[in-house]
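Undergrad: Structure incoming, see below.
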Amino acid sequence: MSEVRASSPIKNRISNVFIPVRNIENARDWYCKLLGVAPDGDILFGHLYALPMDGTSLVLDQMPMWGGNEPGGPPTYQTPAFMFQTENIQASYEFMKNNEVELVTEIQNEQWFAFRDPDGNLLMVCK
């Protein structure tokens, strides 16, 4: 038997994922290279950059309200908050290795691996 969902004004869809970064220009260039997209678009309000993505948007943010103005910058992801998709996990792993990305794991179960961005955020690529 299924439960009746209570009425809510909040949609069951994620529109944006924010990644805390220390230098918005460096982060923009790194992620654009990682994803094979041009660094088009503006840096908004001096601290936000929306990456051109298919599906859920990815927003790089220096997060001045959430620790970005502190000497160490905003807190980073210490556990992966989301995953990038791939059809070829081996080619993705080799791409990261060839681009000197900090790999945290080898390919696990022929399905995924973890890596860190230049700001230390722990992220994943999954098949």
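Undergrad: Scan region 41-49 and give yes if some residue there is surrounded by 13 or more Cβ atoms within 10 Å (Cβ to Cβ), under 15 Å from the mean Cα position of the chain (by Cα) and not β-branched (Val, Ile, Thr), otherwise no.
TA: Scanning region 41-49 turns up at least one residue that is surrounded by 13 or more Cβ atoms within 10 Å (Cβ to Cβ), under 15 Å from the mean Cα position of the chain (by Cα) and not β-branched (Val, Ile, Thr).
Undergrad: A follow-up question, please. Taking into account only those residues within region 57-87 that are of a type in the set (S, T, N, Q) and open to solvent by 60 Å² or more (accessible area, probe 1.4 Å), which is nearest to Arg22 (Cα to Cα)? First the steps, then the outcome.
TA: Kept after step one, since they are of a type in the set (S, T, N, Q), are these residues of region 57-87: 57, 62, 69, 76, 78-79, 85-86.
This time we only want the ones that are open to solvent by 60 Å² or more (accessible area, probe 1.4 Å), so: 69, 78-79, 85.
Working: Asn69: 9, Gln78: 15, Thr79: 18, Gln85: 25 Å.
By that ranking, first place goes to Asn69.
Undergrad: Which of the residues belonging to region 110-127 are within 12 Å of Gln78 (Cα to Cα) and either in contact (Cβ under 8 Å) with a residue 60 or more places away in the chain or part of a strand (DSSP E or B) (or both)?
TA: Looking only at region 110-127, we keep the residues that are within 12 Å of Gln78 (Cα to Cα), and these are 114-117, 119-124.
Passing the criteria: Ala114, Phe115, Arg116, Asp117, Asp119, Asn121, Leu122, Leu123, Met124.
Yes or no, residue by residue, for (1) at pLDDT below 95; (2) within 17 Å of the chain's Cα centre (by Cα); (3) not hydroxyl-bearing (Ser, Thr, Tyr):
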site	(1), (2), (3)
Val21	no, yes, yes
Pro39	yes, yes, yes
Thr56	yes, yes, no
Val59	no, yes, yes
Val104	no, yes, yes
Phe115	no, yes, yes
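Undergrad: Something else about it: Can you go through Ser15, Ser8 and tell me which one is touching a Ser or Thr at 6+ places or on another chain (Cβ under 7 Å) and surrounded by fewer than 13 Cβ atoms within 10 Å (Cβ to Cβ)?
TA: Just one listed residue meets the conditions, Ser15.
Undergrad: Give the residues of region 88-109 that are part of a strand (DSSP E or B) and either touching a helix residue (DSSP H, G or I) at 6+ places or on another chain (Cβ under 7 Å) or within 12 Å of Ile19 (Cα to Cα) (or both), sorted by residue number.
TA: Leu103
Undergrad: Select from region 18-40 the residues that are under 19 Å from Thr86 (Cβ atoms) and not hydrophobic (A, V, I, L, M, F, W, C) and write down the one among them that is surrounded by the most Cβ atoms within 10 Å (Cβ to Cβ).
TA: Taking region 18-40 as the starting set, the residues that turn out to be under 19 Å from Thr86 (Cβ atoms) are 19, 30-37.
Within this subset, residues satisfying the condition of being not hydrophobic (A, V, I, L, M, F, W, C) are 31, 33, 36.
Details: Tyr31: 20, Lys33: 12, Gly36: 7.
The residue in question is Tyr31.
Undergrad: Pull out all pairs, ordered by first then second residue, where Cβ-Cβ is under 6 Å, the residues are six or more apart or on different chains, the first lies in region 52-79 and is at positive phi and of a type outside the set (S, T, N, Q), and the second is buried (at least 16 other Cβ atoms within 10 Å of the Cβ) and not in a loop (DSSP other than H, G, I, E, B).
TA: Met63/Pro20
Undergrad: Sticking with this structure for a sec: Of all residues in region 104-122, which are open to solvent by less than 50 Å² (accessible area, probe 1.4 Å) and out of contact with any Gly (no Cβ under 8 Å at 6 or more places or on another chain)? Walk me through it before giving the result.
TA: Filtering region 104-122 for residues open to solvent by less than 50 Å² (accessible area, probe 1.4 Å) gives 105, 107, 113-115, 117, 119-122.
The answer is Thr105, Ile107, Phe113, Ala114, Phe115, Asp117, Gly120, Asn121, Leu122.
Undergrad: Please work out if Gly120 is at pLDDT below 95 and out of contact with any helix residue (DSSP H, G or I) (no Cβ under 6 Å at 6 or more places or on another chain).
TA: Values: at pLDDT below 95: no; out of contact with any helix residue (DSSP H, G or I) (no Cβ under 6 Å at 6 or more places or on another chain): yes.
It is false that Gly120 is at pLDDT below 95 and out of contact with any helix residue (DSSP H, G or I) (no Cβ under 6 Å at 6 or more places or on another chain).
Undergrad: Looking at (1) out of contact with any strand residue (DSSP E or B) (no Cβ under 7 Å at 6 or more places or on another chain); (2) of a type outside the set (Val, Ile, Thr); (3) more than 26 Å from Ile14 (Cβ to Cβ), which is the one condition that is false for Asn88?
TA: (3)
The values are calculated or read from the model by the stated rules, or taken from the named source; none is laboratory data. Nothing here was measured: the structure is a model prediction, and the numbers come from that model. Don't worry about glycine lacking a Cβ; one is built from the backbone with ideal geometry, like all the others, and counts go over all protein chains shown. Quick note on the areas: whole protein, heavy atoms, side chains included, nothing else; ligands and nucleic acids left out. Shrake-Rupley method; radii C 1.70, N 1.55, O 1.52, S 1.80 Å.
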